[in-house]
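What follows draws every value from the coordinates through simple rules; no lab data is involved. Every value quoted in this text rests on a predicted model; they were computed, and no experiment measured them. For neighbour counting, all protein chains shown are included, and Cβ atoms are generated from backbone atoms with ideal geometry for every residue, glycine included.
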Amino acid sequence: MASSVSIGAFYNPHLALETLAAGDLIGHLAMADPPGQHDPAWPEIRARYTLLLHDYLGQLSEPFDEEELGRARSLLDQYRSPWAAEHLQRIRRTASAVGNDARPLLDYVFPPLYTEDLLAEYARNARLLRDRLGVPLAVEPIPTYLHLDLPQMSEPEFLHRLCEQSGCHLLLDIVHTWLSARFAGLDPRSLLLQLPLERVIEMHVSGHAPDPDLEEPWIAPILPNREILDLAELAAARAPGLRAITFDAFSPSLRPETLLAGVRMLRERFGQGG
């Protein structure tokens, strides 16, 4: 892995002071939500860090309207982000659900059906968003939890063809891949190596924990275990375009010691010191 790869974390506003006090430990911050109007640390955060746009921009399965494109462009300009990222989900969030709305949302367990017609829609809309933003666009697959008995291609084939047809990059979330493999009864390493790793520009690494509702493991804002770190290292060694590795922990319950320990763990594993 190139030494120029940045090791960073998500911006958790309640940990802004600890983030700033960490000095050079954190190389970049991914932005899952816009900064709050009364975030006193935001001006210094914005001035100090490379910020990566990872907010909800729109639904890649549906055409973007001008309001969505304008909001995406405004966030990109505010962050001065070198690329943007969006999930490959297929369920629309209402405007009231974007940001810090506390109501529960069922918006994170529905990847697209991997069909020819949806491939064409995703590729077309991703090209539009990328061209309007004028920066690389990275698409992030989400865990395939629900499996339907319908004719469709595999996730790796869909992603290879989507990247080819749209010109987009890939944001690889290691725990997402691990979960998709688990729910499909596949070996995680085998699934990982079938993905278009040559298109990976950013990688997310986090922990997972039992979910009482799913009665299965799910993404959690905790430290990754050895298996997840090994998968991340395998991916990084085969991703020549990788530019950033992000400790994917974003939660009001996240403790500062977990945030800093997660970044240190990634820096040590990927030879960045720390």
*Report the local net charge at L20: Lys and Arg +1, Asp and Glu -1, summed over other residues whose C-beta lies under 13 Å from its C-beta.*
-2
*With a Cα-only, solvent-free Debye model of region 129-274, what are the log10 I(q)/I(0) values at q = 0.16, 0.17, 0.22 Å⁻¹?*
-0.91, -1.02, -1.45
_the chain: calculated mean residue ellipticity at 222 nm from DSSP helix runs of at least 4, using -39500 (n - 2.57)_ = -11000 deg cm²/dmol
*Can you pull the semi-axes for region 138-178, root of five times each eigenvalue of the Cα gyration tensor, sorted largest first, whole Å?*
18, 15, 6
_Three principal axis lengths of region 174-241 [C-alpha, angstrom, descending]_ = 38, 24, 18
*asked:* Using only the alpha-carbon atoms of the chain as identical scatterers, what base-10 log of I(q)/I(0) does the Debye formula give at q = 0.12, 0.14, 0.17 Å⁻¹?
replied: -0.71, -1.01, -1.59
*Beta bridges by DSSP in the chain, antiparallel share as percent, to the nearest 5*: 15 percent
